[in-house]
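All remarks here apply to the structure that follows.
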Amino acid sequence: MTSAPQPPTSPKPPQPTKPPQPSKPPQPARSPQPPESPQTPRAPQTPQPAAADPAVPGIEELQAQERRLVFTRFTYEDAWALGSLLVELARARQAPVAVDIHRAGQQLFHAALPGSTPDNDAWIERKRRVVERYGAASYLVGARFRAKGTTFEASSRLDPGTYAAHGGSFPITVEGVGVIGAVTVSGLPQVEDHRLVVEALETYLGLH
């Protein structure tokens, strides 16, 4: 049998097309950002005067030490005892110093501890000459020049190879007589040299 013909398929209605999306307007090109401006430099700070270091004696203290550390007499025995005391103090601190005591141009005591060098003896001579010339501690002489805004080397008109206004040499002063010699230490920073000598004098004179 012949099958009956199929009825024609009706065409599908056309699908509605989506309206075209409006295109986004083109973004304007960004202009390049200017480089960051450098920070405005701060005005330089005015340096403040440094506070006085309490570890460094001032001129008034140095002068007071000289007025206080005075002998009624100074003998060979005093030179030996004072020098031995300085050696004892230096050994207790393992200080690499040389110690010297002169009176009226004569060396009464000298000792060199481990770590000291011949250069310390040269420093002792130069510092001692300052005491003999100025009648004051070598550290005080240097401090007086610094207080005037200069240095001993620049303004003393003395040969720095012969004289050194560095701490460590202290006058031996006898009551009613004046300065008769010097006790000197070399090997530490100048303030420590000075303080070591002062400590020994204060101890020996019973003022410590």
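Observations, loosely collected:
- Remark: the range 112-120, residue by residue, has Karplus-estimated 3J(HN,Hα) of 10, 8, x, x, 7, 9, x, 4, 5 Hz, where x stands for each Gly or Pro and the curve is 6.51 cos²θ - 1.76 cosθ + 1.60 at θ = phi - 60°.
- Computed from backbone phi with θ = phi - 60° and the Karplus coefficients 6.51, -1.76 and 1.60, the 3J(HN,Hα) list for the range 87-104 is 4, 4, 5, 5, 5, 4, 9, 6, 7, x, 10, 10, 10, 9, 10, 10, 9, 6 Hz; x is used for glycine and proline.
- Average accessible area per residue (Å²) across the range 152-208 - probe 1.4 Å, nucleic acids and ligands excluded: 42
- Within the assembled protein chains, the solvent-accessible surface assigned to Ser155 is about 50 Å², based on a 1.4 Å probe.
- Note on the range 147-206: with neighbouring protein chains present and a 1.4 Å probe, carbon and sulfur make up 50 percent of its accessible heavy-atom surface.
- Per-q log10 I(q)/I(0), the range 111-208, q = 0.11, 0.12, 0.21 Å⁻¹ (Debye; single scatterer per alpha-carbon; no solvent): -0.32, -0.38, -1.08
The values are calculated or read from the model by the stated rules, or taken from the named source; none is laboratory data. Small disclaimer: the values here were computed from a predicted structure and weren't measured. Keep in mind that these areas ignore ligands, DNA and RNA; they rest on the heavy atoms of the full protein, side chains included. Shrake-Rupley method; radii C 1.70, N 1.55, O 1.52, S 1.80 Å.
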